[in-house]
1. Starting from the residue with the highest accessible area, list 6, 97 in decreasing order, probe 1.4 Å.
2. So what J values fall out for region 122-133 if you push phi through Karplus, 6.51 cos²θ - 1.76 cosθ + 1.60 with θ = phi - 60°, rounded to Hz, Gly and Pro as x?
3. Quick one: compute a quarter of the convex hull surface over the Cα atoms of the chain and quote it in nm².
4. Name the lysines eligible as straight-distance cross-link partners of residue 106: C-alpha to C-alpha under 16 Å, and not fewer than 8 places from it in the same chain.
5. Assuming a ≥ b ≥ c are the square roots of the Cα gyration tensor eigenvalues, decide whether region 104-158 counts as rounded (a/c under 1.5), prolate (otherwise, with a/b larger than b/c) or oblate.
6. Let me know the charge dipole size of region 1-110 about its Cα centre in debye, to the nearest 20, where only the beta-carbon of Lys, Arg (+1) and Asp, Glu (-1) is charged.
7. If you build a Gaussian network model of the chain, linking Cα atoms that sit under 10 Å apart, which residue out of 44, 137, 108 swings the most?
8. Straight-line reach from residue 80: which aspartates and glutamates have Cα under 20 Å away, leaving out those fewer than 8 places along the same chain?
Amino acid sequence: MNIAIYPGSFDPITCGHLDIITRCSKLYDEVIVAVLNNSSKSPLFTTEERIKLIEKSTANLNNVRAEGFDGLLVEYAKSKNTHTIIKGLRAISDFEYEFQMALLNKKLSSEIETLFMVTSESHSYISSSIVKEIAILGGSVRDLVPDEIICDLIQKIEKRR
Ligand code: PNS
(Lines give C-alpha, C1' and ligand atoms only; values in the text may rest on other atoms or scores of the structure.)
Protein backbone atom coordinates (compact mmCIF):
# COMPACT_ATOMS: atom_id res chain seq x y z
CA MET A 1 0.00 0.00 0.00
CA ASN A 2 1.27 3.45 -0.95
CA ILE A 3 0.46 5.69 2.01
CA ALA A 4 0.99 9.46 2.18
CA ILE A 5 0.92 11.58 5.31
CA TYR A 6 -0.44 15.12 4.99
CA PRO A 7 0.46 16.84 8.28
CA GLY A 8 -0.64 20.18 9.70
CA SER A 9 -2.56 22.07 12.34
CA PHE A 10 -5.81 22.27 10.32
CA ASP A 11 -7.35 24.83 12.69
CA PRO A 12 -9.64 24.58 10.77
CA ILE A 13 -9.33 22.70 7.46
CA THR A 14 -9.62 25.14 4.53
CA CYS A 15 -10.56 24.76 0.86
CA GLY A 16 -6.82 24.92 0.12
CA HIS A 17 -6.17 21.90 2.37
CA LEU A 18 -9.11 20.06 0.83
CA ASP A 19 -7.75 20.71 -2.67
CA ILE A 20 -4.40 19.11 -1.73
CA ILE A 21 -6.10 16.17 0.05
CA THR A 22 -8.40 15.49 -2.92
CA ARG A 23 -5.56 15.55 -5.46
CA CYS A 24 -3.37 13.45 -3.18
CA SER A 25 -6.12 10.85 -2.76
CA LYS A 26 -5.91 10.20 -6.53
CA LEU A 27 -2.18 9.49 -6.33
CA TYR A 28 -1.97 7.30 -3.21
CA ASP A 29 -3.79 4.20 -1.96
CA GLU A 30 -4.32 5.92 1.39
CA VAL A 31 -3.92 9.49 2.63
CA ILE A 32 -3.60 10.09 6.36
CA VAL A 33 -4.35 13.67 7.34
CA ALA A 34 -2.23 14.01 10.47
CA VAL A 35 -3.43 16.68 12.88
CA LEU A 36 -0.77 18.05 15.19
CA ASN A 37 -1.81 17.97 18.83
CA ASN A 38 -0.32 21.43 19.37
CA SER A 39 -1.20 22.56 22.86
CA SER A 40 1.37 25.39 22.67
CA LYS A 41 -0.45 27.15 19.80
CA SER A 42 -3.81 27.42 21.71
CA PRO A 43 -5.89 26.44 18.68
CA LEU A 44 -9.52 27.46 18.18
CA PHE A 45 -10.63 23.83 17.81
CA THR A 46 -9.44 20.88 19.90
CA THR A 47 -7.57 18.10 18.09
CA GLU A 48 -10.69 15.89 18.21
CA GLU A 49 -12.83 18.69 16.76
CA ARG A 50 -10.31 19.36 13.97
CA ILE A 51 -10.30 15.65 13.10
CA LYS A 52 -14.14 15.63 12.97
CA LEU A 53 -14.12 18.68 10.66
CA ILE A 54 -11.65 16.95 8.32
CA GLU A 55 -13.79 13.77 8.38
CA LYS A 56 -16.90 15.78 7.50
CA SER A 57 -15.09 17.56 4.67
CA THR A 58 -13.59 14.38 3.19
CA ALA A 59 -16.57 12.04 3.67
CA ASN A 60 -16.70 11.46 -0.12
CA LEU A 61 -13.05 10.35 -0.28
CA ASN A 62 -12.90 6.68 0.70
CA ASN A 63 -9.12 6.44 0.99
CA VAL A 64 -8.66 9.46 3.29
CA ARG A 65 -8.63 9.34 7.08
CA ALA A 66 -7.68 11.83 9.76
CA GLU A 67 -5.94 11.24 13.04
CA GLY A 68 -4.04 13.20 15.69
CA PHE A 69 -0.33 12.92 16.34
CA ASP A 70 2.18 14.04 18.95
CA GLY A 71 5.96 14.17 18.81
CA LEU A 72 8.18 14.07 15.76
CA LEU A 73 6.52 13.85 12.37
CA VAL A 74 9.19 11.47 11.04
CA GLU A 75 8.51 9.02 13.87
CA TYR A 76 4.79 9.25 13.25
CA ALA A 77 5.33 8.59 9.51
CA LYS A 78 7.44 5.52 10.34
CA SER A 79 4.75 4.22 12.68
CA LYS A 80 2.35 4.37 9.72
CA ASN A 81 4.77 2.45 7.48
CA THR A 82 5.34 5.29 5.06
CA HIS A 83 8.22 7.49 4.01
CA THR A 84 6.08 10.06 2.21
CA ILE A 85 5.15 13.42 3.66
CA ILE A 86 3.05 15.74 1.51
CA LYS A 87 3.19 19.49 1.95
CA GLY A 88 1.18 22.13 0.12
CA LEU A 89 2.90 25.21 -1.26
CA ARG A 90 0.85 28.35 -1.76
CA ALA A 91 3.56 30.86 -2.58
CA ILE A 92 7.32 31.37 -2.63
CA SER A 93 6.97 32.70 0.93
CA ASP A 94 5.89 29.20 2.09
CA PHE A 95 8.87 27.63 0.42
CA GLU A 96 11.61 28.94 2.72
CA TYR A 97 10.01 27.50 5.86
CA GLU A 98 8.93 24.27 4.16
CA PHE A 99 12.39 23.79 2.66
CA GLN A 100 13.93 24.07 6.15
CA MET A 101 11.37 21.58 7.55
CA ALA A 102 12.00 19.13 4.71
CA LEU A 103 15.77 19.25 5.24
CA LEU A 104 15.41 18.87 9.01
CA ASN A 105 13.06 15.93 8.60
CA LYS A 106 15.56 14.37 6.18
CA LYS A 107 18.32 14.92 8.74
CA LEU A 108 16.19 13.28 11.43
CA SER A 109 15.36 10.33 9.21
CA SER A 110 17.10 9.82 5.88
CA GLU A 111 14.32 7.59 4.44
CA ILE A 112 11.70 10.32 4.73
CA GLU A 113 10.75 12.10 1.52
CA THR A 114 8.87 15.39 1.55
CA LEU A 115 6.87 15.97 -1.62
CA PHE A 116 5.51 19.41 -2.38
CA MET A 117 2.19 19.89 -4.11
CA VAL A 118 1.38 23.33 -5.47
CA THR A 119 -1.97 24.64 -4.28
CA SER A 120 -4.47 25.46 -7.02
CA GLU A 121 -4.30 29.14 -7.98
CA SER A 122 -7.82 29.79 -6.74
CA HIS A 123 -6.83 28.72 -3.20
CA SER A 124 -3.39 30.26 -3.00
CA TYR A 125 -4.44 33.15 -0.73
CA ILE A 126 -6.28 31.02 1.87
CA SER A 127 -4.86 30.18 5.29
CA SER A 128 -6.50 28.92 8.48
CA SER A 129 -5.51 32.06 10.39
CA ILE A 130 -6.99 34.43 7.79
CA VAL A 131 -10.17 32.35 7.68
CA LYS A 132 -10.51 32.56 11.48
CA GLU A 133 -9.93 36.32 11.41
CA ILE A 134 -12.62 36.81 8.74
CA ALA A 135 -15.08 34.64 10.68
CA ILE A 136 -14.37 36.46 13.97
CA LEU A 137 -14.98 39.80 12.23
CA GLY A 138 -18.29 38.56 10.81
CA GLY A 139 -17.21 38.14 7.16
CA SER A 140 -18.31 35.31 4.89
CA VAL A 141 -16.10 32.22 4.83
CA ARG A 142 -17.93 30.65 1.89
CA ASP A 143 -15.43 29.24 -0.63
CA LEU A 144 -12.68 29.59 1.99
CA VAL A 145 -13.59 26.54 4.10
CA PRO A 146 -15.49 23.42 2.95
CA ASP A 147 -19.28 24.00 2.95
CA GLU A 148 -19.70 21.11 5.41
CA ILE A 149 -17.89 22.98 8.19
CA ILE A 150 -19.09 26.58 7.78
CA CYS A 151 -21.73 26.20 10.53
CA ASP A 152 -19.22 24.57 12.90
CA LEU A 153 -16.82 27.46 12.45
CA ILE A 154 -19.48 30.14 12.98
CA GLN A 155 -20.90 28.32 16.04
CA LYS A 156 -17.45 27.93 17.57
CA ILE A 157 -16.72 31.63 17.19
CA GLU A 158 -20.12 32.61 18.62
CA LYS A 159 -19.48 30.37 21.64
CA ARG A 160 -16.13 32.08 22.20
CA ARG A 161 -17.72 35.55 22.27
O1 PNS B 1 -0.11 23.55 9.59
P2 PNS B 1 1.22 23.80 10.23
O3 PNS B 1 1.04 24.37 11.62
O4 PNS B 1 2.14 24.62 9.37
O5 PNS B 1 1.92 22.34 10.39
C6 PNS B 1 3.20 22.22 10.95
C7 PNS B 1 3.58 20.73 11.16
C8 PNS B 1 2.54 19.99 11.93
C9 PNS B 1 3.76 20.07 9.82
C10 PNS B 1 4.94 20.78 11.93
O11 PNS B 1 4.83 21.63 13.02
C12 PNS B 1 5.40 19.41 12.42
O13 PNS B 1 5.81 18.58 11.64
N14 PNS B 1 5.30 19.19 13.74
C15 PNS B 1 5.67 17.94 14.37
C16 PNS B 1 6.91 18.06 15.24
C17 PNS B 1 8.17 17.86 14.42
O18 PNS B 1 8.38 16.82 13.81
N19 PNS B 1 8.99 18.91 14.38
C20 PNS B 1 10.22 18.90 13.63
C21 PNS B 1 9.95 19.28 12.18
S22 PNS B 1 11.47 19.57 11.38
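1. On the way: 6 15, 97 125 Å².
Largest accessible area first, the residues go 97, 6.
2. Karplus values, whole Hz, x for Gly and Pro: 5, 10, 5, 9, 8, 9, 4, 5, 5, 4, 5, 4.
3. Dividing the Cα hull surface by four gives the mean projection, 9.2 nm².
4. Once the sequence-local lysines are set aside, what remains near residue 106 is 78, 87.
5. prolate
6. Details: 13 positive and 13 negative charges, 37 e Å.
Its charge dipole is roughly 180 debye.
7. In the Gaussian network model the winner is 137.
8. Hits, sequence-local ones excluded: 29, 30, 48, 55, 67, 70, 111, 113.
The values are calculated or read from the model by the stated rules, or taken from the named source; none is laboratory data. These numbers were taken from a predicted model, which means no experiment stands behind them. Reconstructed Cβ throughout: ideal geometry from the backbone, glycine too, with neighbour counts over all protein chains shown. Heavy atoms of the whole protein, side chains included, go into the accessibility calculation; ligands, DNA and RNA do not. Shrake-Rupley method; radii C 1.70, N 1.55, O 1.52, S 1.80 Å.
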